[in-house]
Amino acid sequence: MGDDVWALLLIVLGGFLIGGAYSLWKVNRVVAVALGACAVLAVASGALRLYP
């Protein structure tokens with residue numbers, strides 16, 4: 001797969017992780033913060049893969 005496809009998949013993964021963090025916020029904030037951090041890393045790596 002090309003770099004653009006990997007970048008898109010990482011950004012989509014970040015979106016799913018943000019959704020999970022949002023849904024877990026009232027139940028378990030520690031896990032929600034961890035998911036949010038993973039989402040930030042996924043989106044950042046996808047964006048950096050798009051613009052090297």
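Values quoted throughout were computed directly from the atomic coordinates according to the rules given, and no laboratory measurement underlies them. Small disclaimer: the values here were computed from a predicted structure and weren't measured. Because the Cβ atoms are built from the backbone with ideal geometry, glycine has one as well, and the counts that use them run over all protein chains shown.
Annotations
- Selection of first residues in segment 1-29 that are closer than 9 Å to Val43 by Cα and of second residues that are in a helix (DSSP H, G or I) and of a type in the set (Ser, Thr, Tyr), restricted to Cβ pairs under 8 Å at least 6 apart or on distinct chains, gives the following pairs, ordered by first then second residue: Leu10/Ser45.
- Residues being surrounded by fewer than 17 Cβ atoms within 10 Å (Cβ to Cβ) and of a type in the set (Gly, Ala, Ser) - total across segment 1-19: 3
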